[in-house]
Each structure stands twice: as C-alpha cells, then as structure tokens.
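Data first, discussion second: the structure below is written as structure tokens.
The values are calculated or read from the model by the stated rules, or taken from the named source; none is laboratory data. These numbers come from a predicted model, not from an experiment. Neighbour counts are summed over all protein chains in view; Cβ atoms, including those assigned to glycine, are modelled from backbone coordinates with ideal geometry. The area values use the complete protein model at the heavy-atom level, side chains included, leaving out ligands, DNA and RNA. Shrake-Rupley method; radii C 1.70, N 1.55, O 1.52, S 1.80 Å.
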Amino acid sequence: MQQQLNDVEKASVPVSAPAQPERADWTIDQQWENYTAEEHAVWKTLFERQTKLLPGRACDEFVAGMHALPIGADQIPDFRRLSEVLMQHTGWEVVAVPGLVPDEVFFEHLANRRFPAGQFIRKPNQLDYLEEPDVFHDVFGHVPMLMNPVIADYIQAYGAGGLKAKQLGMLEQLARVYWYTVEFGLVEQPDGLRIYGAGIVSSYTESIFCLDDPSPNRLRFDLERVMQTRYRIDDFQETYFVIPHLETLLDLAKIDFAPLYEKVKHHPQFEPGDVLSTDVVLTAGTSNYHRAKR
Ligand code: HBI
Ligand code: FE
C-alpha cells in the first residue's frame, strides 16, 4: 500500500495501455470536460492531504513551482492551461498519455520537452497505491519541478540519454539515476533535508517516512554509486541519495555517461540497503522498517 507507481516506472511493457496506440507518440486528448465529479473529488482529497504535509518538507523550488501554476484543490488541472504557463517559464508542455508508454516513446517526449502525464486518476480505494503513474503523480509530483530551469534541462537530458543508454544496453543503470533523483531525491537546504523527488512528494506515507523515520539511510549522492545500486519498486526506499543543491543536477546533465557505463559494467551491483565504507553517510538508517517485513 505504500507508495505509488514504483512497478510502473520500472516495467518495460506497459501494464494496461492499449496494444495499438492510435497515435505513434501514444498521446491522447485529455478530454478534461469528461472528468466526473467523483474524479475531481479524488484529486481534491489527494491535493489537500499533500498540501498540508509539504510545508517544511518539499523543497522551496517545488513550492514556488506549485504556486505559479494553475493547480488547485478543486479540479484536476487542464493540461492546456498548465502548458501555457510552463511554456513561458521553461519551454515545457504537458501531453496526455493512457499510462505507461514504451521506454523509447517516453524518452522521445522528454528529449523534446514534452512531459507525458497519465490522463486517468486513481480510484477512491487506491489513494496510496497504484501501478501506473496517474494524473496526480504526474501533475502534482512532476510538473511543479518542471518550472525550475535546472530540473527542466535535467529531465530533457535524461530523455536524450535514455535513447543512447538503450542502444548501449545500459538502460537499467540510467534508470537508477532517474529513480534516485527525479523520483526519490532529497536535497539539502540551509534548514535541513527537503524532498524534490516526485515519487515522494506525491505519496503521503513516503513524504513522512523519507524525512522522519529512523529506518532509511540518507547518503550523499554519487553518480557511479547510484548507477550500481538496485532500487525497491514495491515499497519505501531503503536508501535516499541527497544532493547538496539542485544545481548538482545541471552538472549531471552535462556528463557523457558512455565512459561511465563502460566502467560500472564491470563493477559490483549494490542492494538497496547497502552502506559502503566509501559512502558519505548523512544518516545511517536502523533498517527496522524493512527488516520487520522480511
Ligand atoms: N511512461 N508514462 C510513463 N511514465 C514514466 O515515468 C515512464 C514511462 N515509460 C517508461 C519509464 N517511465 C521508465 O521505464 C524509464 O524512465 C526507464
Ligand atoms: Fe514519475
């Protein structure tokens, strides 16, 4: 029940998307007018729950992005209106997709500054768990960060890098970098650790766990280390990687990953909960949460 969309972002074959998309880029019309009152109400429940929780937890850039966008409690946002504002700030737009799309399609959109967002919203009985990224995860979690120029460039670079990584057979290594930054990243601010990862910020339970629970490790982000580290797709993360500033991601976006792939290919793979003697440890976790489940 914990957090959303883990399986989702990992699965290489979409779970419930149609076998034959109507359009080659898998986009569909959002058909905003067709959302029901019940669907808007699910959005409202999720929105209000997260909005109460996030002051002091989400990073300042997330909060600023949220405020500048036409995203509110009462309705599922209209992608056309989101895109107008995003386009002016960072040149991104939001396009609707039925759910997970194939890797290449996903990367092609990102490389062209189009963010594919799930058109559907989870059912009232799935508030804390779902298998594919829905409009709440994608719009509430990702879109505010896309108002930030650093994240905007970083995610575009991920799209371009994804196409290359796939050709080199190193998609898993690149996906780990996305996972531990865009989805589950923490950032240091002068007043302490904050969330910038969309997988956390759109999850009620993990927004608390990642910052307040003594169980997970919180380690300084290191690119090669992260490329070698598996992640959990069905539960809270055992380790969060912390960047010192969002600008760290800008440097990452400029690195040519190809030589790194060659290097880490021959290196050991680490488990999600491993702590190495070479890690810079911000918090050594107790691991109690995951141990109790084993
Ligand atoms: N499709 N809609 C959508 N959203 C994702 O986050 C996504 C996807 N397809 C593939 C994918 N993610 C990942 O497998 C890649 O980032 C590796
Ligand atoms: Fe996501």
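Could you name every one of the helices (runs of 4 or more DSSP H) located completely within the range 42-135 that has at least 2 residues being of a type in the set (Asp, Glu)?
60-68, 103-111
All told, residue 77 falls short of being open to solvent by 20 Å² or more (accessible area, probe 1.4 Å) and modelled with pLDDT of 95 or more. Kindly provide the set of residues from the range 92-113 that are of a type outside the set (A, V, I, L, M) and touching a residue at least 40 places away in the same chain (Cβ under 8 Å), ordered by number. If the condition is that a residue be of a type outside the set (A, V, I, L, M) and touching a residue at least 40 places away in the same chain (Cβ under 8 Å), then 92, 98, 99, 102, 103, 104, 106, 107, 108, 109, 112, 113 are the ones that fit.
For the range 208-233, a residue qualifies if it is within 16 Å of ligand 2 (Cβ to nearest atom), of a type outside the set (Ser, Thr, Tyr) and open to solvent by 10 Å² or more (accessible area, probe 1.4 Å), and the qualifying residues are 232, 233. Of the set (1) touching a residue at least 60 places away in the same chain (Cβ under 8 Å); (2) within 16 Å of ligand 1 (Cβ to nearest atom), all apply to residue 176 but (1). Being crowded, with 17+ Cβ neighbours inside 10 Å and of a type outside the set (D, E, K, R) is a property that holds for residue 66.
For the range 138-155, the criterion of a residue being charged (D, E, K, R), within 9 Å of ligand 1 (Cβ to nearest atom) and part of a loop (DSSP other than H, G, I, E, B) is satisfied by no position. Of the residues that sit in the range 180-207 and are among the hydroxyl-bearing types (Ser, Thr, Tyr) and within 17 Å of residue 49 (Cα to Cα), which one is most open to solvent (accessible area, probe 1.4 Å)? Within the range 180-207, the match that is most open to solvent (accessible area, probe 1.4 Å) is 204. Scanning the range 116-128 for residues that are in contact with a helix residue (DSSP H, G or I) (Cβ under 6 Å, 6 or more places away or on another chain) and open to solvent by less than 40 Å² (accessible area, probe 1.4 Å) gives 116, 117, 118, 121. Considering only the range 156-169, state which residues are open to solvent by less than 10 Å² (accessible area, probe 1.4 Å) and not in a helix (DSSP H, G or I). Correct list: empty. The set of residues from the range 63-108 being within 18 Å of the chain's Cα centre (by Cα) and of a type in the set (Asp, Glu) comprises 93, 103, 104, 108.
With respect to the conditions (1) farther than 12 Å from residue 219 by Cα; (2) modelled with pLDDT of 95 or more; (3) aromatic (Phe, Trp, Tyr), residue 241 falls short on a single one, namely (1).
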